[in-house]
Amino acid sequence: MQLRGAHLADRGLRRAGGAGTRRIDDLRHHITRHLAEPLTIADLAARAHVSERQLTRVFKTDLGTTPAAYIESARVEFARNQLETTDHTLERVATLSGFNTTDTLTRAFRRTLDTTPTEYRNRFRIN
């Protein structure tokens, strides 16, 4: 089966055997380094030189999740670490992890971990 040129151009994350994996890894590192900043699917797709739809496809195929869910998961993981290892206020943790408000942080924790940030800190705080 032959693929048309336009279809090949949209396959940017998968091109050149292994280059796709490097691009996904680059995006994952970019996300991790910029959690406190707004991270949109459009910006990530532009950074990877693919369409938003293709970015979502590749994330689902390679990582088993959507870009938005991956970003939230990375933010929750960072917040968990902050709650375990620092005395930062919930407001500060929310800001540093990119949730911006304690309400958004709490909703993400409830959705992901079925607990609140305060309950999590009380249970898992490293002294």
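The values are calculated or read from the model by the stated rules, or taken from the named source; none is laboratory data. Nothing here was measured: the structure is a model prediction, and the numbers come from that model. Here Cβ is always computed from backbone atoms with ideal geometry, including for glycine, and neighbour counts include all displayed protein chains. These area figures cover heavy atoms from the full protein model, side chains too; ligands, DNA and RNA do not enter into them. Shrake-Rupley method; radii C 1.70, N 1.55, O 1.52, S 1.80 Å.
At 0.36 nm per residue, and after removing the present C-alpha to C-alpha distance, how many nm does the segment from residue 112 to residue 61 gain when stretched out fully? Write out the running numbers ahead of the final one.
Values: separation 51, 0.36 × 51 = 18.36 nm, distance 2.10 nm.
Extending this stretch completely gives an extra 16.3 nm.
Solvent-accessible area per residue for the stretch 17-125 at a 1.4 Å probe radius, Å²?
On the way: 6230 Å² over 109 residues.
For the stretch 17-125, the solvent-accessible area averages 57 Å² per residue.
As an exercise, use a Förster radius of 30 Å and the Cβ-Cβ distance of residue 52 and residue 122 to find the FRET efficiency, rounded to the nearest 0.05. Could you put the intermediate results ahead of the total?
Values: r = 39 Å, r/R0 = 1.32.
Efficiency computed from Cβ-Cβ geometry: 0.15.
Using amide H atoms built 1.01 Å from N in the peptide plane, name the residues 5+ places from residue 100, or on other chains, whose amide H lies under 5 Å from its own.
HN-HN under 5 Å from residue 100: 95.
Please report, as a whole percent, how much of the solvent-accessible surface of the stretch 28-111 comes from carbon and sulfur atoms (probe radius 1.4 Å).
Within the stretch 28-111, the accessible surface is 48 percent carbon and sulfur.
Can you compute 3J(HN,Hα) from phi for each residue in the stretch 80-97, using the Karplus curve 6.51 cos²θ - 1.76 cosθ + 1.60 with θ = phi - 60°, rounded to whole Hz and x for Gly and Pro?
4, 4, 4, 5, 6, 10, 10, 9, 4, 5, 4, 4, 5, 4, 4, 5, 4, 8
Around residue 126, with a cut-off of 13 angstrom between Cβ atoms, what is the net charge of the other residues, counting Lys and Arg +1 and Asp and Glu -1? Provide the component values of the computation, followed by the final result.
Working: positive: 80, 121, 123, 125; negative: 84, 87.
Summing Lys and Arg as +1 and Asp and Glu as -1 gives +2.
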